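The values are calculated or read from the model by the stated rules, or taken from the named source; none is laboratory data. This structure is a prediction, so every number in the text was calculated from the model and none was measured. Cβ: placed from backbone, ideal geometry, glycine included. Neighbour counts: every protein chain shown. Surface accessibility is based on the protein's heavy atoms, side chains included, excluding ligands, DNA and RNA. Shrake-Rupley method; radii C 1.70, N 1.55, O 1.52, S 1.80 Å.
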Amino acid sequence: MSAILEVRGLEASYGDRTVLRGLDFEVAEGGVTALLGANGAGKTTTLRAICGTVRRRGEIRFAGKRIERMPTESIVRLGIAQVPEGRGTFATLTTEENLHLGAMTRPNGRDISLDIERCYSIFPRLKERRSQQAGTLSGGEQQMLAIARALMLRPKLMLLDEPSFGLAPMITKHIFEILAEVKRESGVSMLIVEQNASLALRFADQAYLIETGSIVMSGEAKIIREDEGVRASYLGY
Ligand code: ATP
């Protein structure tokens, strides 16, 4: 399968502090790649480097185009949507206003209401809450809204930062079922960062393990799941 995202020698830094030290990884077209690692390993920074919100060096190729020198807005327009850490919804705007904002970078506004209806059919809960301020939604509903807002871009690639963060196991399970359905129906590719390694390794096709800014292991998720070291350090069994 061809890669929609190819990253070579990715470095990133905050001020004079280097956080990523030459990462190589890929996301297959229509596939899910997981980035795993302990707190502070550099997972969020990797997502920021792809969409250009942190200083980076190296090669980032998206759908065949080099994007490492592009501003974030152009990267988003090419079809990379973020579901950021902490969800990033606009607290004082309603659910529906947040969805409209998600479509803002799209070239034409014609099908926006159609896409909002599509989001509501994926997330009926958001339809019930369409006029509610996003800041007053539950954690799970805010995560749904963050995913739905990203879908409004009709992305080719979604960057998901810890979708399970702060959610009860039942809600997390529901969110991942929906992500699997979205992937099946739209064929969108996904790069996912997750603290919950066990969950991520069940959802992903490929996985990369990051330690202090370097990739220390990579391969098919189902093979990494069986690795003794990964089990002991990340899966707890
Ligand atoms: P977590 O699972 O805790 O979110 P992570 O693997 O996503 O961890 P990053 O958030 O990418 O890790 O952080 C990598 C390193 O970069 C950490 O040491 C962190 O302190 C540092 N860092 C992150 N953001 C900034 C920032 N804005 N300014 C300075 N240093 C930062």
Which of the numbered conditions does V83 fail, given that it passes all the others? Conditions: (1) away from the ligand (no atom under 16 Å from the Cβ); (2) open to solvent by less than 30 Å² (accessible area, probe 1.4 Å); (3) within 30 Å of S138 (Cα to Cα).
(1)
Of G40, G22, which residue is open to solvent by 60 Å² or more (accessible area, probe 1.4 Å) and over 27 Å from M152 (Cβ atoms)?
G40
Scanning the range 34-55 for residues that are of a type in the set (K, R) and either within 16 Å of V216 (Cβ to Cβ) or at pLDDT 95 or above (or both), which turns out farthest from the ligand (Cβ to nearest atom)?
R48
Residues that are of a type in the set (G, A, S), within 13 Å of V32 (Cα to Cα) and free of Cβ contacts under 8 Å to residues at least 24 places away in the same chain, at least 1 per element: which helices (runs of 4 or more DSSP H) completely within the range 143-237 meet that?
169-186
